[in-house]
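Read the structure below first, then the notes.
The values are calculated or read from the model by the stated rules, or taken from the named source; none is laboratory data. Please read these numbers as outputs of a predicted model, since none were measured by experiment. Cβ atoms come from the backbone with ideal geometry, glycine included; neighbour counts cover every protein chain shown.
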Amino acid sequence: MKNFCFALAALLAATASCTKPTPAPAAPSSTTVAATAVDAAPTVVAPDAAEMDPDDPENPRVKAANALLETEAFGTLKPGISSKDVVALLGQPSSKGKAEGEGATGDFVAEWVWKKAGVTIFFASGTAKGPWVARNVSLAAPATLKTHKGIGIGSTLADVDKAYAAGHMLPADGEESYTVGTHYDGMVFEFKDGKVSSIYWGMLAF
């Protein structure tokens, strides 16, 4: 009987131990919570235009280039101007290329040259007879026209960079031109002996 009582007491003690609720873990201190929140916060890094797609419309550099070119012109000459307005500005061209169909767009295109003014314009139209609208405008010596920022033939690289650095597309290896825009559209400066020798503005690719 005595042995039975000891066994019963042991059994009851074991049962009580098994059914005793496990205490809840202590809540972390406010200091621990704050530290965890800080450690988990994502690092915000400002976008680096040089590391983004150079043709992405959301690229800050592309946006800057578009903003720069929207307000630019060589006097009043710029892509989108009509042939009628160009003739009023420069007179009749010294030569007109034959209108040819362009398979990629379905447009007709023709090159007009004002040799004494140093201006060449590539016009496009929906028909072979016009009306014509400038798609690309190019300047070379002896052109005296300048952009609204004062850049023209003979300007230095430093002058160009001061005016257009915000929209400058980094060149590929081996390239010496300075492009404000994208691979598809923009203003391209070519240099000779450290000075601008030609400026091309308009469509660069389809």
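Residue pairs whose Cβ atoms lie under 7 Å apart, sitting 6 or more positions apart in sequence or on different chains, and linking a residue in segment 71-100 that is closer than 19 Å to residue 188 by Cβ and in contact (Cβ under 8 Å) with a residue 24 or more places away in the chain to a partner that is surrounded by 13 or more Cβ atoms within 10 Å (Cβ to Cβ) and small (Gly, Ala, Ser), are 79/134; 79/202; 80/134; 81/134.
Looking at 147, 127, just one residue is modelled with pLDDT of 95 or more, within 25 Å of the chain's Cα centre (by Cα) and assigned to a loop (DSSP other than H, G, I, E, B), and that residue is 147.
Residue-level check: of (1) under 29 Å from residue 167 (Cα atoms); (2) in a strand (DSSP E or B), residue 110 misses just (1). Within segment 151-162, the residues that satisfy the criterion of being farther than 13 Å from residue 188 by Cα and part of a helix (DSSP H, G or I) are 158, 159, 162. With respect to the conditions (1) in contact (Cβ under 8 Å) with a residue 24 or more places away in the chain; (2) closer than 17 Å to residue 194 by Cβ, residue 148 lacks only one, and its number is (2).
Please determine whether any residue of segment 104-125 is more than 20 Å from residue 188 (Cα to Cα), out of contact with any strand residue (DSSP E or B) (no Cβ under 9 Å at 6 or more places or on another chain) and either among the small types (Gly, Ala, Ser) or surrounded by 14 or more Cβ atoms within 10 Å (Cβ to Cβ) (or both). Yes, segment 104-125 has at least one match.
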